[in-house]
Amino acid sequence: MPYRDADHTTRMAEHRIERAYRERFTRAQHAQDETDKLLAHTLDKRSRRLTQPMGTTRAHAGGTSGT
């Protein structure tokens, strides 16, 4: 696999290709883990809001409270 370094083009050594793919897959896995974590957090917050008993007071944006 060729790669460029400024104006010089050379072939990438097998161990560098392996490392590049491993790093790529690691980054992709970390991104997926973070996405899963954020989704779980969002769903948990939404679930809590939907299961809150009617008539309880919640603080709203602007510092007011409502029912």
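Quick notes
- Note on residue 4 and residue 33: the extension gain reaches 7.2 nm, defined as 0.36 nm multiplied by sequence separation minus the Cα-Cα distance.
- The slack in the chain from residue 26 to residue 46, taken as 0.36 nm per residue of separation less the alpha-carbon distance, amounts to 4.2 nm.
The numbers here are math on the coordinates, done by the rules we state, and not lab data. Because the structure is predicted, anything quoted here is derived from the model rather than measured.
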